[in-house]
Amino acid sequence: MAELAGRTVDGIRAYGLIVAMWVRSTMTYRASFLVTMAGHGLATALDFVAILIMFTHVETLGGFGVAEVALLYGTTSLSLGLADLLLGNMDRLGARIRDGTLDTLLVRPVPVFAQLAADRFALRRLGRVTQGLLVLAWSLTRLDLDWSPGRALLLVVMVVSGGAIFGSLFALGGAFQFWAQDAAEAQNSFTYGGSTLLQYPPTIFAKDLVRGVTFVVPLAFVNWLPALRLLGRDDPLGLPGWVDLLSPVVAAAMCGLTALVWRAGVRSYRSTGS
């Protein structure tokens, strides 16, 4: 256990050092960074603009008002943005396996996961985080909620747990490339595609789909289930109320599964010989 804790600390330290290097490199051209980050944020904001245009024609969507949908949009965008910022480069693993550069990472005295996650750290992705945070803040000013310490804590836990779930999906997609060698698009279907799904109320989707993202790929725990508790709405699947509070448990389970799959992937890797 002590050895595992030590390796984890070393990995976090190495990740921080590599990230700091890329941040210093990025900030060398600050004007370019600010323009790129703003452009990234505006590009992702188009999804919310589409939602606002939709609400010029309807009053509710699946029984949810614009502020409630904005809450869903803001929480999932913020969670995905944090995961994308910290682990979004995991899809580069397939390319490194194909060109043989993964071997270089394996001989360094630093965990491979930390090196891959921090490789070419893109600070511009803060644009998505900022945009999601602004939409979330706007929704909270429009919602008539009876705030309490428990509700505030639920909101924070929802965003953090959602980020961990998305981060696990990024890492699982990367680990799968040890065997598939090119699974970036499959990974994107669960991360970016899953985020798009979660921006809309679960009530507009078929129950079979809602069951799938609850019990198979647990995306519903990113924001659907805790948001229903926060808004005081009924679960369309009729699940017990305590299920809405399981996001941290699901996030921890996903992280544990990711660690096991990643370890198996590294052990199964065979050098290209180049």
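Values in this text are rule-based calculations from the coordinates and carry no lab data. Small disclaimer: the values here were computed from a predicted structure and weren't measured. Every residue, glycine as well, gets a Cβ built from its backbone with ideal geometry; the counts of neighbours run over all protein chains shown.
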Q: Those residues that are not in a helix (DSSP H, G or I) and not aliphatic (A, V, I, L, M), I need them from region 23-75; list them, please.
A: PHE55, THR56, HIS57, GLU59, THR60, GLY62, GLY63, PHE64, GLY65
Q) Of the residues SER168, SER139, which single one is of a type in the set (Ser, Thr, Tyr), surrounded by 14 or more Cβ atoms within 10 Å (Cβ to Cβ) and in contact with a Ser or Thr (Cβ under 7 Å, 6 or more places away or on another chain)? A) SER168
Q: Could you tell me whether VAL112 is surrounded by 13 or more Cβ atoms within 10 Å (Cβ to Cβ) and either among the small types (Gly, Ala, Ser) or farther than 30 Å from VAL243 by Cα (or both)?
A: yes
Q) Within region 230-274, can you find the residues that are over 24 Å from the mean Cα position of the chain (by Cα), more than 22 Å from GLY63 (Cβ to Cβ) and not charged (D, E, K, R)? A) SER268, TYR269, SER271, THR272, GLY273, SER274
Q | Elements of type helices (runs of 4 or more DSSP H) in region 77-187, at least 3 residues being β-branched (Val, Ile, Thr) | A | 126-142, 149-180
Q) Can you tell me how many residues in region 85-109 are surrounded by 19 or more Cβ atoms within 10 Å (Cβ to Cβ), over 24 Å from THR8 (Cβ atoms) and of a type in the set (Gly, Ala, Ser)? A) 1
Q) So which of THR203, THR196, THR191 is in a helix (DSSP H, G or I), hydroxyl-bearing (Ser, Thr, Tyr) and closer than 26 Å to ALA114 by Cβ? A) THR191
Q.
Among the residues of region 24-77, what is the count of those that are in contact with a strand residue (DSSP E or B) (Cβ under 7 Å, 6 or more places away or on another chain) and of a type in the set (Asp, Glu)?
A. 0
(Q) Among the residues that make up region 38-52, is at least one of them more than 25 Å from the chain's Cα centre (by Cα) and not aliphatic (A, V, I, L, M)? (A) no
Q.
Give me the residue from region 206-229 that is within 19 Å of the chain's Cα centre (by Cα) and assigned to a loop (DSSP other than H, G, I, E, B) and, out of that set, surrounded by the most Cβ atoms within 10 Å (Cβ to Cβ).
A. VAL222
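Condition check ((1) surrounded by 18 or more Cβ atoms within 10 Å (Cβ to Cβ); (2) of a type in the set (D, E, K, R)) across all residues:
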| position | (1), (2) |
| --- | --- |
| ARG24 | no, yes |
| ILE53 | no, no |
| THR60 | no, no |
| VAL69 | yes, no |
